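Since every read-out is calculated from the coordinates, none of them should be taken as a lab result. Just so we're clear, the structure is a prediction, and the values are computed from it rather than from any experiment. We place every Cβ from the backbone using ideal geometry, glycine too, and count neighbours over all the protein chains shown.
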Amino acid sequence: MLIDFNPYSSQPYFDLPFQVSSWIGLFILAGALGWGFFKWREYLVGKSTQQWGLILFLIATTPLTLIFLNFYLPQSGALPIPNLPIEAEEPLVFVLSAIPWVMAGGMVGVAGAGLVGLASGLVLGMFVTHSLFTPLEIAGLALIYGAAVRQCYRTGFFRWLRQPFVAAVLLSLVYIPVFLLIAFLSIPGILAERLDYALAQNWMQIFAKILPLYAAGFLGQLIYWIFPLLWRRPAKLVPSPAETSLQTRFMTITLPMVLILVLVLTLADWLVAGYAARQMMEDRLGNTTRIAAESVPYFLEAGQSFILNMATPDLANLPDDAIEDELAYNIKAVSYFHQLTLFDAAGAIRGSYPQSTFSQNDLTDEEELAIGLANKGIRLQIYTVPPASTETGGNISFVAAILDDAGIAQGVLLGRADLKINPFTQPALTALASLGDDGGEGFILDDAGQILYRTSETTALTGMDMYTDKVDGEPVFFEDFSPTGTRQLVYYQPVVGRPWAVVATMPARVAQQTSLEIAVPLLAILGLFTMLAYVMLRFSLGSVTQTLKQLGGQATRIAQGELSSTAPVTGVDEIGALGKSFEQMRLSLKARLDELNKLLKVSQGVAAKLDIYDAVHPILEAALSEDAVSARAVLIQGVRMDIAGDKLVTISAGPVADQFSHLDGQVFDLMRQQEVLTIQNTTRVRRISSLDHQLHPAALIGLALYHENTYYGALWIGYQKPRQFEDEEVRFLSTLAGEAAVAAANANLYASAEIGRRRLEAVLTSNPEPVMVFDDKDRLLLLNPAALQVTGLIASPTVGLPAQEVVSSAELAALLTGPIEMRIATREVKLPNGNIYHASVAPVMGENQQIGKVCVMRDISHYKELDSIKSDFVATVSHDLRSPLALMRGYTTMMSMVGELNDQQKSYVAKMVHGIEDMSRLVNNLLDLGRLDSGIKLKLSQLQPETLVEQVINQLTPQANQKKIRLAIEPLQEELPSDLTADVALIQQALINLVENAIKYTKVGGEVIVRLELQDNKLAFQVVDSGIGIAPLDLPRLFEKFYRSERREAHEQRGTGLGLAIVKSIAERHGGEVVVESRLGKGSVFTIRIPLQEQPPVKPLVGMPQNKG
């Protein structure tokens, strides 16, 4: 529980070390601490004022950490400091004491943590522990903790070690041996006592020391997670020592295991030695007490016998003057009692020897009671008598009644026996006295637990002492503490047949000294063995790592291309095998390097030359070895443009290569069916050896030239002698064959490309329409003569210039440089000469990606004139038709007013009205389209998209309800600019056309959604329906005038084919576009994208009624 403990209520002081070894240990620890500050001194150099302020602040808070959150831990079996009259205290926990130096370790650095830890240790040492070791202990722990959390190694163990709480836990494990060492150095006594005190420390005391470290580590972990800027992290991680040295890595792995093993063996040795010493001490004390306990009954029985033999009626009948002589005779005759006194029946003294002045006052209370009981007929009684001031031991009082023949008491005889000088107790006392040689002590206790005798003569007995550690019952061996605070071993031995006991004690240091004598030789052997093992391990590892360094140097030389030096390692072990492998690798790499040099030259020739002769001839030269006399390549005709017919292309190298040309056809045909052909001895091949009067090689190898599954010919080499073809040789020649195949493929592609280029050039030259080709960077690649002949089209025909500098028209340049997104982009462009061209730009694709653009221009000036005449005619006719149609509709609807119509007449009238409405709608669409095509100026006003869409939905909801179609809006989620303008009437008309079409082509029970979105800084109106969908063949022409799908479902709905053309014109007049996505049977999505335009605020105008009549 928490206590109110103020350490500053006592005087500050330090206890000096008790022994020379303690001073030596103190100086060694101080030197280690100084070395730590020197090693991590860079953490103090260059500190900012803010960091020094933080260090001083943490130092100032250290006294406060000892005031709050303090409590005692329960303990049992704690040892007091030996040889000092100080009782063991309960462990006191200062929960906050480690927080300052833990925070300093993470926030300031190693040396800063050490300074704060030194300050904390000084406060603890002066006011709590009063030990000079405490400042060194805390400062050392702070340095180690700071080094743990500030290290910058990159391995997993060190990453975990940088975690504050993990570092605290590991530091607590390191702290345990440090705590035991300081406990050993800080107490007085011999080596065995100090060692026993250190190793016998209660775990509660150790836990009281490490609990503040856990609390501080937990707080540091929270800061590490929550406030990462406060807890400094390494800027750059570096390899750990185990990563930079194989020897260090091996030692890092094995040394902890060896140390743990040594520690376990040391502890086991100490425990076994301690157990053996304790067992020896138990046997010694047990034997001593048993000897003493066995003599006590004999001593008491002899006393009883002697006193009864003396207590006869004859003694009582003696005259008074003869009694003293008789008593003197009995003492001298028996040599048992040192005092005999005779009492009469009334209890009065009749005589005494040797103390003739013995009186009633010299009797104890127990003796007076015993005399009275004896006079009443009790024959024998035994009591203990406290010693007199001149005596050193207790006395035993025997009281015997003198009875006559009738059993009536005639008197009482009292005899006292001194335990120290009685001859019958000497064996027991001698056995107990032997314990004093080693500082032990023996006791004889009576039935009341009073000490009748003890071997120690340092303090004379002035009375019967109570032995407080008496244990009732069976013999028992246990530990206790002496008045000086040292541990002692106690053996309690009850006396058989008597309620007495014999107790023997021995200082625990004797057992410790014995265990030390047992353990030291084994520990010395273990330490020597450990040192020898360490030296041998370092030596063996040094030799291995030295060899590996040599091999590493060889590997470095090989990596640098130095292949002339041999590997320096010999032997048949694993290292020798590794050295031989390095040597084989060097020779193989040298051979491969020579081959690679040849292949490099070959590859450079293949890459740099497109002429088949120039590219293949170096390959043939590289294929010629010492025994090769001919290297020939037989290729298809397509690798050359200047060879007609089916004649093969042959290339040769070697001194007699041309003499074997008659084999080219056979090899060419054979290699179509196989990749490699090897003939080790051609004389055994009938087809070749049977050739009369023609030379043939003694051996040959042929390789097929395939590239991307295309056969280009064969490469074959002839040899003057029969030979075995090794795998490496075949692999090298196969690589050369691959290069030859690439060269043939390149030459074939070049020839094909050149022929294609010439054909394309002829086509472009003969094309009367201007054609321009640009690359993926919009730079000019080529243009045909027709483009140069168009006046005002080309500004600069230089190949490589960007499109903006090539063409004169800015409108055409924008079309050329704009995105085309895998489709053909078209635009009408008016050139300075007054002609109007229809420009179409299409992507040029290669390997599924765009590699350029091609622009084709067609003069449509004549068609534009015709279209203008047509538009004027249609507008005139449409305008002239409006009045007759209105008149016809009026009279038709009035026919029911003339008289009652029958059902057939009503049907005819309805059909006439429906036809007049279709004709009126067509006329209105034609007029709208004409106005748009004539380029009327937009009437811009403030646009409120959601209000506009709601008006369209409200207007068309009755039509949707007739087909039970759900018509809804999905409003815009983003915020639009406040000053968004457009021609609201035209936008409303476009939306009405799209929504009407969606309702028209959506089946009963479907849905139509109008969605508003922002797409690439454009306002998008999306009309989504679940209708019949649009066929892929209809999509490209969907927005053309008067175009209607040929599908039966489309013809079931009436229409003019002008609605979508009007939508497209409205979108383009606003600088936008309309696109469609559709899947048959799934529905369609029409999207109008209008660029966002900001204009000065105007009065809102959100809609215009439409007359679809």
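Estimated at 0.36 nm per residue, the fully extended path between I869 and M912 surpasses their Cα-Cα distance by 12.3 nm. With a/c under 1.5 counting as rounded, go ahead and sort region 767-859 into rounded, prolate or oblate using the C-alpha gyration tensor (a ≥ b ≥ c being the square roots of the eigenvalues; past the cut-off, prolate if a/b is larger than b/c, else oblate). Verdict is prolate for region 767-859.
Among the listed options (1) 1.28; (2) 0.99; (3) 1.31, the one matching Rg/Rh (Cα atoms, Kirkwood Rh) as calculated from these coordinates is (3). When the charge dipole of the chain is built from unit charges on Cβ atoms (+1 for Lys and Arg, -1 for Asp and Glu) and taken about the Cα centre, the candidate among Q905, A743, I636 whose Cα reaches farthest toward its positive end is Q905. Beyond 31 Å in Cα-Cα separation lie the following of the pairs K830/K1064; K853/K1041; K864/K963; K1018/K1082: K864/K963. Put in order of Cβ neighbour count within 10 Å, fewest first, the listed residues M204, M107 become M204, M107.
Summing Cβ point charges (Lys, Arg +1; Asp, Glu -1) relative to the Cα centre of the chain gives a dipole of roughly 7320 debye.
Using 0.36 nm per residue and subtracting the Cα-Cα separation, the extra length available between N709 and L781 on full extension is 22.7 nm.
The Q360 and F71 beta-carbon pair, evaluated with R₀ = 60 Å, returns a calculated FRET efficiency of approximately 0.45.
For region 300-423, taking the reciprocal of the average inverse distance between every pair of different Cα atoms yields a Kirkwood hydrodynamic radius of 14.2 Å.
Is the C-alpha gyration tensor of region 937-1091 telling us rounded, prolate or oblate? Criteria: a/c under 1.5 is rounded; beyond that, a/b larger than b/c is prolate, otherwise oblate. Judged from the Cα gyration tensor, region 937-1091 comes out prolate (a/c at least 1.5, a/b above b/c).
For a straight C-alpha distance cut-off of 24 angstrom, the lysines reachable from K580 (same-chain residues fewer than eight places away being disregarded) are K549, K590. Here the extension length gained between E243 and L263 equals 4.5 nm, from 0.36 nm per residue of separation less the Cα-Cα distance.
When a/c is below 1.5 the answer is rounded, else prolate if a/b is larger than b/c, else oblate, so apply that to region 2-243 with a ≥ b ≥ c taken from the square roots of the Cα gyration tensor eigenvalues. Here region 2-243 falls in the prolate category.
Measuring r between the beta carbons of E1013 and T556 and using R0 = 45 Å, the FRET efficiency lands at 0.10.
Averaging the sequence gap over all C-alpha pairs within less than 8 Å and six or more residues apart, then dividing by the number of residues, gives region 937-1091 a relative contact order of 24 percent.
Put a plus charge on the Cβ of each Lys and Arg, a minus charge on the Cβ of each Asp and Glu, and nothing anywhere else: the dipole of region 767-859 about its Cα centre is then about 100 debye. For region 937-1091, a crude dipole built from +1 on the beta carbon of Lys and Arg and -1 on the beta carbon of Asp and Glu, taken about the Cα centre, is about 720 debye to the nearest 20. For the pair Q804 and L587, label points projected 7 Å from Cα toward Cβ lie 6.7 nm apart.
Centre-to-centre, using Cα atoms only, region 286-356 and region 606-634 are separated by 138 Å.
On a per residue basis, the convex hull of the C-alpha atoms belonging to region 362-449 measures out at 116 Å³.
Based on Cα contacts under 8 Å between residues 6+ apart, the chain shows a relative contact order of 5 percent. Residues W231, W101, arranged from fewest to most other Cβ atoms within 10 angstrom of their Cβ, appear as W231, W101.
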